[in-house]
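In what follows, a single structure is set out as structure tokens and then discussed.
Only the coordinates and a few stated rules stand behind these numbers; no lab work does. Just so you know, these numbers come straight off a predicted model, no measurement behind them. Quick reminder, even Gly has a Cβ in these numbers, built from the backbone with ideal geometry, and neighbours come from all protein chains shown.
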Amino acid sequence: MKRVCAWCGREMEPGQGGQNAPITHGICLSCMRRVLNERSSSLPEFLENLEAPVIVVDAEAVVQEANLRAYALLDKDRTHVAGHRAGEIIECAYAHLPGGCGSSEHCRTGCVIRRSVTLTHSTGQAVEGIMAEQEIETPQGVRRQRFLISTERAGELVLLRIDEVK
């Protein structure tokens, strides 16, 4: 798959995919810096221009911001998202163990969302369309939920895009 910046149109990872490869869009670091430095719009306004549900997290997977599509998908409002860890807002069963989200062995080794955010934050390497399976707490009990996610670094933050929920 070829990644192209939706703002400037440049290929973000030259040599990936080939001429006829399917295209996905993101935002390159230079355009991200320009958009955020211009401050003609705030981060929430910027996020609303993105077509997919996007959650902005820091290196510890603590949510800093999200767009309305993410709030609707999660059936939550800003007060129940910002400042909480990603596992808490998706109701991951492991987030309710002692120590909370990020502290169990599953979080460190089995959580694709956490590993993807950590990889992207520490190396700058984007993750594109990876399947993440989580045990989700519901009023009816725990159920297995699949998410197709992508991550991209934006300065010291990571954009966590939810491409699909299965």
### Summary
Among Thr138, Thr118, Thr151, the residue with the largest mean-square fluctuation in a Gaussian network model of the chain built from Cα contacts under 10 Å is Thr138
## Note on the structure
For the chain, the longest principal axis of the Cα atoms and the Cα long axis of helix 29-38 enclose an angle in degrees, to the nearest 10, of 90
#### Entry: Highest-MSF residue in the chain out of Val127, Val56, Val117 [GNM, Cα springs under 10 Å]
Val127
### Query
At what distance in nm do the modelled label points of Met131 and Glu156 sit from each other, each positioned 7 Å from its Cα along Cα→Cβ?
3.7
### Query
Can you give me the relative contact order of the chain as a percent, contacts being Cα pairs under 8 Å and 6 or more apart?
18
### Query
So how tilted is helix 112-123 from the main axis of the chain? Cα-based, degrees 0 to 90, rounded to 10.
40
### Message
For q values of 0.09, 0.10, 0.19 Å⁻¹, compute log₁₀ I(q)/I(0) with the Debye formula on a Cα-only model of the chain, without solvent.
### Response
-0.30, -0.37, -1.28
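What is region 86-131's relative contact order, in percent, from Cα pairs under 8 angstrom and six or more apart in sequence?
Computed value for region 86-131: 20 percent relative contact order.
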### Task
Towards the positive end of the charge dipole of the chain, with charges on Cβ (+1 Lys, Arg; -1 Asp, Glu), say which of His80, His96, Ala66 has the farthest Cα.
Ala66
### Query
Points 7 angstrom from Cα along the Cβ direction at Val62 and Arg143: gap in nanometres?
3.2
